[in-house]
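Enquirer: Please find one structure pasted underneath; my questions will follow.
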Amino acid sequence: MTSPLNTTPTTSSPGFGFRRNLLRPDYSAQADRVTHIELFFDLIFVLALTQLSRYLYENQSWAGALESAVLVLALWWIWVHTTWVTNVLDPARLPVRGAVIGLSLVGLVASVSIFESFGDRGIVFALAYVTLQLGRTAFMALAVARHDAGLFRTFVRIFLWLAVAGVFWVVGGLLPPGYRLVLWSVALGIEFLSASLGFPVPGLGRSRPGNAELSGAHIAERSALFVIIALGESFLVSGFAFVDQAVSLPGVLGLLIAFVSGVMMWWLYFDHAESAGSKALAADQETGRIARLAYTYVHAVIIAGVVLTSVGDKEILGHPYEAMMLSTAVTITGGPLLYLLGLALFRRVVTGEVLFSHLLGVALLLALLPLAFLLSPLQLGAASMAVLSVVACWETAVRLRNGTVNEEAG
């Protein structure tokens, strides 16, 4: 997404909008802080991710995979757009708080509609998504109209593009699932493509890469907290799957695999990758470029990896010794693979380096796929967990040897 702050300042502004300046203050302590109202909004996505995992678990087919990809990208896009909003506006202001609470309500409607989004609740999900996207953008335009004409024009451009995409969302929600997948994919394509091009509109120009008042520290912390939420969702999925069955050795082993995999994912992200991203944003002169690539696009791959891993964990707990199916093998190995691939891309963007440990992990997981049919789901899960553990231990050992351990890692 192109940052809404990437604009050319102007002096003229329309004669409507909020008279009170709702922009974040420019002193660092307040500008960079993630507020409680933002965390409240994030809570909605615990339910959303849980429903998404449930949908993918119940629809393990190529069509189900494509539908799930559309849903995860839609959810991520909602969250990213709202994160950019609270990066611009001050969440301590009552109108901003009210807007975030309203967005949370609409997000709740979207979340409870996810499981039936390609069924009877397609139009409910579509209307909630479009309402959230357009409502938030309209509020932003009104919030900055009297205070930053450049930002105002940017949000007008974003609104116009989202309105075009919204037609495809609503029409898709009214049509059968086969057409729905096509139209919703087109809608997402419009939104992602317009963002990458700077939301060009004849007569209104387009956004160009820049930094302006962008708070890189805020973007980095918000993204890290969302990774925590996704990992927490994976534990919820595994925990509910475990308590729904009789206690058994395979169940205990499956839960242990899910836990260790979650720990390794946390370690790989928070032991060093998260701090590397924060430092890169603080030091680089192209903060907008890094925030756009690393935290808007690449993090979608990381989150998708966590969600798919939770589905694999549930599959292991539910069918530990059943004959291996292709969908099961892809799910169990695909989640960790997507996660490591996302981390490798993230490190490449923020530091310019590619860690061999990440590439090795991806290669090992790809090698596991053809061997999966010789293993049970429980054994394949253990092997995938082992790959994550090897990558995490290798990366930490290298940094210990080089004396670059992050002693402040949380």
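Here, each number is a calculation from the coordinates, and none is a lab measurement. From a predicted model like this one, the values you see are computed outputs, not experimental measurements. Don't worry about glycine lacking a Cβ; one is built from the backbone with ideal geometry, like all the others, and counts go over all protein chains shown.
Enquirer: Please arrange R153, R399 by how many other C-beta atoms lie within 10 Å of their C-beta, fewest to most.
Expert: On the way: R153 25, R399 14.
Sorted ascending by nearby Cβ count, the order is R399, R153.
Enquirer: Hey, with R₀ at 30 Å, roughly what FRET efficiency would V260 and S61 work out to, going by the Cβ-Cβ distance, to 0.05? Mind showing how you got there, number by number?
Expert: Working: r = 29 Å, r/R0 = 0.96.
Once the sixth-power term is evaluated, E becomes 0.55.
Enquirer: Please state, rounded to one decimal and in Å, the Kirkwood hydrodynamic radius that segment 292-410 gives when every pair of distinct Cα atoms enters the mean of 1/r.
Expert: Numbers: mean 1/r = 0.0665 Å⁻¹.
With all distinct Cα pairs of segment 292-410 included, I get 15.0 Å.
Enquirer: Kirkwood Rh over Cα pairs of segment 28-197 into Stokes-Einstein at 4 °C, 1.567 mPa s: D in µm²/s? Show your work: numbers first, answer last.
Expert: On the way: Rh = 16.5 Å.
Calculated translational D: 79 µm²/s.
Enquirer: Let me ask something else about it. Contour minus end-to-end for I228 and R348, with contour as 0.36 nm per residue of separation and end-to-end as the Cα-Cα distance?
Expert: Details: separation 120, 0.36 × 120 = 43.20 nm, distance 2.16 nm.
Net length gain for the segment: 41.0 nm.
Enquirer: Need one word for segment 216-402: rounded, prolate or oblate. Basis is the Cα gyration tensor (sqrt eigenvalues a ≥ b ≥ c); a/c below 1.5 gives rounded, then a/b vs b/c decides. Walk me through the numbers before you get to the answer.
Expert: On the way: a/c = 2.25, a/b = 1.81, b/c = 1.25.
It is prolate, given that a/c is not under 1.5 and a/b is the larger ratio.
Enquirer: Evaluate 2.2 N^0.38 Å with N set to the residue count of segment 170-272, then give the Cα radius of gyration divided by it.
Expert: Working: Rg = 21.4 Å, N = 103, 2.2 N^0.38 = 12.8 Å.
Normalised by 2.2 N^0.38 Å, the Cα Rg of segment 170-272 equals 1.67.
Enquirer: A further question on this structure: List, in order, the whole-Hz ³J(HN,Hα) value for each residue of segment 329-337 obtained from phi through the Karplus relation with A = 6.51, B = -1.76, C = 1.60 and θ = phi - 60°; use x for Gly and Pro.
Expert: The phi angles translate into 4, 5, 5, 5, 8, x, x, x, 5 Hz.
Enquirer: Which whole number of Å³ per residue matches the convex hull of the alpha-carbon atoms in the chain?
Expert: Values: hull volume 57.0 nm³, N = 410.
Per residue, the Cα convex hull of the chain comes to 139 Å³.
Enquirer: Related question: Which whole-number percentage describes the relative contact order of the chain, with Cα contacts under 8 Å and a sequence gap of 6 or more?
Expert: Working: 607 pairs, mean separation 77.6, N = 410.
Averaging sequence separation for qualifying contacts and normalising by length gives 19 percent for the chain.
Enquirer: Once label points are set 7 Å from the Cα along Cα→Cβ at both A69 and V182, what is their separation, rounded to one decimal in nm?
Expert: Roughly 1.7 nm, to one decimal.
Enquirer: OK, next. Taking the number of other C-beta atoms within 10 Å as the exposure measure, put S261, S384, S327, S194 in order starting with the fewest.
Expert: Final ranking by Cβ density, sparse to dense: S327, S194, S384, S261.
Enquirer: Using only Cα atoms, locate the centre of segment 245-273 and the centre of segment 122-201, then give the distance between them in Å, rounded to an integer.
Expert: Between the Cα centre of segment 245-273 and that of segment 122-201, the gap is 38 Å.
Enquirer: Could I ask something else about it? Between S327 and A246, how many nm apart are label points set 7 Å from Cα along the C-beta direction?
Expert: In this crude label model, S327 to A246 measures out at 2.7 nm.
Enquirer: Also, quick follow-up: For n ≥ 4 DSSP H runs only, could you compute -39500 (n - 2.57) per run for the chain, divide by its residues and tell me the 222 nm figure to the nearest 500? Can you show the working numbers first?
Expert: On the way: 15 runs with 294 residues, N = 410.
Calculated mean residue ellipticity at 222 nm is -24500 deg cm²/dmol.
Enquirer: Relative to the longest principal axis of the chain, what angle (0 to 90°, nearest 10) does the C-alpha long axis of helix 377-402 take?
Expert: 60 degrees
Enquirer: I want to check the label-to-label distance for W394 and R20. Put each point 7 Å from Cα in the C-beta direction and report it in nm to one decimal.
Expert: Those two pseudo-labels are separated by 5.4 nm.
Enquirer: Could I ask something else about it? Taking K and R as +1 and D and E as -1, what net charge do the other residues with C-beta under 15 Å from the C-beta of V311 add up to?
Expert: Charge balance near V311 sits at -3.
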